[in-house]
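One structure is given below, encoded as structure tokens.
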Amino acid sequence: MAVVFKKTEMLTDNKFHYCPGCSHGIAHRLVAEAIEELGEMGNVIGIAPVGCAVFAYNYFNCDVLQVAHGRAPAAATGAKRTNPDKIVFAYQGDGDLASIGTAEIIHAAARGENITVIFINNAIYGMTGGQMAPTTLLGQKSTTSQAGRSAILNGYPVKMSEMLATLDGATYIERCALNDAPNVLKAKKAIKKAFQNQKDGKGFSMVELLSTCPTNWGMTPENACDFVKNEMSKIFPLGVFKG
Ligand SMILES: Cc1ncc(C[n+]2csc(CCOP(=O)(O)OP(=O)(O)O)c2C)c(N)n1
Ligand code: SF4
């Protein structure tokens with residue numbers, strides 16, 4: 001029988017530990033497919049975050065550094081500068097990138113490091129049980145904002161793509177969403193471009209992916225996809241912010 005589709009060999013055969021309806025699995029597949037399609041298998045170093053994707057090293061079929069929470073852009077900087085011929089990517093959640101690692105991501109972008117960053121924005125701290133993240137929406141309930149996030153008490157959601165796009169060192173910043181098939185296809189294109197930029201030596205690229213966390217949002221996977229479309233993408237509009 002003719003094979004019409006097969007899993008990319010950039011992913012191992014390990015089963016994802018992610019919850020049903022979680023976007024991390026889709027994001028992993030897109031990153032892996034992009035690397036394979038660009039002919040870079042065997043030439044990649046990944047940086048795994050702290051958060052639900054902490055076991056990314058079990059899934060990507062390449063060398064993966066597991067680094068402290070928030071430090072992925074700093075580790076990616078070191079990996080790329082010492083291995084300029086390798087393709088280096090950092091994979092980070094919003095707690096990781098927009099909270100504890102705010103300084104690292106800003107300065108890596110400002111320096112124009114020739115790396116690719118995949119930013120999973122699921123508006124919550126997933127792994128640790130659903131605490132408020134910098135990206136939690138106003139009114140959104142979390143274990144640390146049980147009446148809903150309040151601007152007065154908790155401040156406003158942080159828009160990392162918009163912020164990083166103001167930096168001269170950033171080459172390409174795009175926000176996509178993983179809530180439906182057309183958006184997944186657009187995300188794949190963006191991820192591929194972010195890796196191609198690195199191959200071409202163009203500097204810092206980041207793709208933000210609006211993602212689901214049905215478990216901590218207390219939603220079905222279907223409702224979580226609707227939440228991305230109807231609520232998250234109003235506050236975090238999709239599009240290219242730079243490049
Ligand atoms: C220095 C440090 N502070 C806090 C933690 C606890 N911690 C582990 S994962 C996490 C949040 C992860 O959220 P996010 O980065 O959004 O990823 P997600 O799990 O949602 O994919 C926190 C606070 C830690 N591991 N290290
Ligand atoms: S807790 Fe949320 S982010 Fe973590 S695996 Fe489950 S759905 Fe995904």
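Give me the net charge of GLY126's neighbourhood, meaning all other residues with Cβ under 13 Å from the Cβ of GLY126; Lys, Arg count +1, Asp, Glu -1. Before the final figure, lay out each step's value.
Details: positive: none; negative: ASP94, ASP96.
Value of the local net charge: -2.
What residue among GLY203, GLY42, GLY70 shows peak mean-square fluctuation when the chain is described by a Gaussian network model with Cα springs under 10 Å?
Looking only at GLY203, GLY42, GLY70, the biggest GNM fluctuation is shown by GLY42.
Show me 81-90, 158-167, 104-113 ranked by packing, highest mean number of other Cβ atoms within 10 Å first.
Numbers: 81-90: 17.4, 158-167: 18.9, 104-113: 20.5.
Top to bottom by mean Cβ count within 10 Å: 104-113, 158-167, 81-90.
Straight-line reach from LYS6: which lysines fall under 21 Å, measuring Cα to Cα and dropping same-chain residues less than 8 apart?
List returned: LYS15, LYS186, LYS188, LYS189, LYS192.
Looking at the chain as a GNM with Cα springs under 10 Å, which of MET132, MET219, MET232 has the largest mean-square fluctuation?
Of MET132, MET219, MET232, the Gaussian network model singles out MET219 as fluctuating most.
With runs of 4+ DSSP H residues as the only contributors, calculate the mean residue ellipticity of the chain at 222 nm using -39,500 (n - 2.57) per run, divided by the residue total and rounded to the nearest 500.
It lands at -9000 deg cm²/dmol.
Can you tell me which of GLY46, GLY25, GLY218 moves the most in a GNM of the chain? Springs connect C-alpha atoms under 10 Å apart.
Between GLY46, GLY25, GLY218, it is GLY218 that shows the largest mean-square fluctuation.
Over the chain, what relative contact order in percent results from Cα pairs under 8 Å that are six or more residues apart?
Values: 518 pairs, mean separation 48.0, N = 243.
Relative contact order here is 20 percent.
Read the figures in this text as sums done on the coordinates, not as results from a lab. All figures in this text were calculated on a predicted structure; none of them were measured in a lab. Virtual Cβ from ideal backbone geometry, glycine too; neighbours counted across all protein chains shown.
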